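Every number here is computed from the coordinates shown, using simple stated rules; none is lab data. This one's a predicted model, so the numbers in the text were calculated from it and none came from an experiment. With ideal geometry, Cβ positions are generated from the backbone for all residues, glycine too; neighbour counts draw on all protein chains shown.
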Amino acid sequence: MIIGFIVLCHAEVASRFSATGGAYLYAKQAFGSTVAFEVGWLYWIVRMATFAANCNLFVTYLGFFWPSATDPIIRIGIIAAVLILLTSVNIAGVRQSALLTNFFTVGKLVPLFVFALVGLFFLHPENFTFSAVPQYSSFSSAVLLLIYAFVGFEVAVIPAGEMKEPQKILPFALFVALAVVATVYILVQIVSIGTLPTLSSSERPLADAANAFMGPVGAVVIVGGALISILGNLNVGLLGGSRIVYAMGEQNELPPVISKTHDKFKTPYVSILLNAAIIFVLTVQSSFLGALAIATITRLMIYATTCLSLVVFRKREDAPAAKFLAPFGLAASIISIALIVWLLTNVDFTKEGLPIIIVAAIGLVVFYAYRIYKKNFSS
């Protein structure tokens, strides 16, 4: 429900723009350069941190087939190989990147559908017990982490400048994606709970559940699907992160060299290479769970700016026209912001809030330092 309201807001706001930038672009038009830079900066950090987390998860799942994958030297080699592959595809063109993403999407959905449909015949009703009611703090914290499973939809609106008729297709694409993802997640969750009593303690829950009712072959299929799914997520992450920095360079809020495009492929290759280099370092130095909560919290803050921009654009007469007007859009915006605030009240300030504040402060320093540099250089 929370993500549904947020997606509704994104659909209307995205229908007003045809340029690259996503949340950064919306914030710039609604709130000005300073807020926009913070949004772009934080989202860029989130994309890189999320990539690092998921790339480490990829190595963990690869360990199912290749136990040595988690050895330090081999792990670094795997990370480098994944980055070289995805960087090459992204430099070759957004169409190539989209084709690869489509391939990965099909490759991950087929095993999940098989898992869900077959697993429905092996459910154990006794596993569905609700006698223990979670405490408020535990429930809200679980919801905060659950949001991570649905984030990423916002990447679709970022490369709008490289699409045909993005104002028309993006709202439809967002709604279809949400419907498909929600359906798959609900079915997978039902089967996982109904077939695996030890779900809460499992490191590879889908693989263990598949092994319980389909045997080792089922586990292999699910782990293979997980690897394909993670690769698709990584590809989208590199695409979205590089375009955010590209848009900030194009708006002259970062050095313009970052927005330089390839003569042949017309892709922002400098931004892509910069992202890949930073991501490599972050991935080698981090873990999956270490970045998950911080990435989710920061995303929610960014979502709030887009939801609030819907209200701003509806009130401004000079706002870009919306190709899609969300039903109950103002109510959806207010509800989204209220739910986001509720989730953020459960943040552990020391572990999760403080790092975000520090990164945001660094962003402000970069923003004003570059502004001073431009002023002195131009004079």
Under 1.5 on a/c is rounded, so check that first for segment 1-159, then, if it is not, pick prolate when a/b is larger than b/c and oblate when it is not; a ≥ b ≥ c are the square roots of the alpha carbon gyration tensor eigenvalues. oblate
If one takes the longest principal axis of the Cα atoms in the chain, at what angle in degrees, from 0 to 90 and to the nearest 10, does the Cα axis of helix 166-195 lie? 20 degrees
In terms of the alpha carbon gyration tensor, root eigenvalues a ≥ b ≥ c, rounded if a/c is under 1.5 and otherwise prolate when a/b exceeds b/c or oblate, segment 262-379 is oblate
Kindly identify the chain as rounded, prolate or oblate by the Cα gyration tensor criterion: order the square roots of the eigenvalues as a ≥ b ≥ c, call it rounded if a/c is under 1.5, otherwise compare a/b with b/c, prolate if a/b is larger, else oblate. prolate
If each of Asn252 and Glu165 carries a label point 7 Å out from its Cα toward its Cβ, how far apart are those two points in nm? 3.5 nm
To the nearest 0.05, how large is the calculated FRET efficiency for Val217 and Lys375 if R₀ is 51 Å and r is the Cβ-Cβ distance? 0.20
Looking only at Cβ-Cβ distances, which cysteines of the chain have no other cysteine closer than 4.7 Å? Cys55
Given a Förster distance of 22 Å, the FRET efficiency implied by the Cβ-Cβ spacing of Ile186 and Val143, rounded to the nearest 0.05, works out to 0.90
Contour minus end-to-end for Val365 and Thr105, with contour as 0.36 nm per residue of separation and end-to-end as the Cα-Cα distance? 89.7 nm
Report the extension gain between Ser202 and Ala319 in nm, rounded to one decimal, defined as 0.36 nm multiplied by the number of residues separating them, less their alpha carbon distance. 37.1 nm
For helix 2-14, report the angle its Cα long axis makes with the longest principal axis of the Cα atoms of the chain; keep it between 0 and 90° and round to the nearest 10°. 30 degrees
Using just the helices of the chain, give the 222 nm mean residue ellipticity in deg cm²/dmol: DSSP H runs with n ≥ 4 each add -39,500 (n - 2.57), and the total is spread over all residues, rounded to 500. -25000 deg cm²/dmol
Straight distance only, please: which lysines reach the Cα of Lys374 with their own Cα at less than 22 Å, same-chain residues fewer than 8 apart left out? Lys28, Lys260
Cut-off 19 Å, label 7 Å out along Cα→Cβ of Leu85, residues of segment 265-285 by amide N: 273, 276-277, 279-281, 283-284
Charges on Cβ only, +1 for Lys and Arg, -1 for Asp and Glu, centred on the Cα centroid of the chain; of Tyr269, Gln251, Gly353, which one is farthest towards the dipole's positive end? Gln251
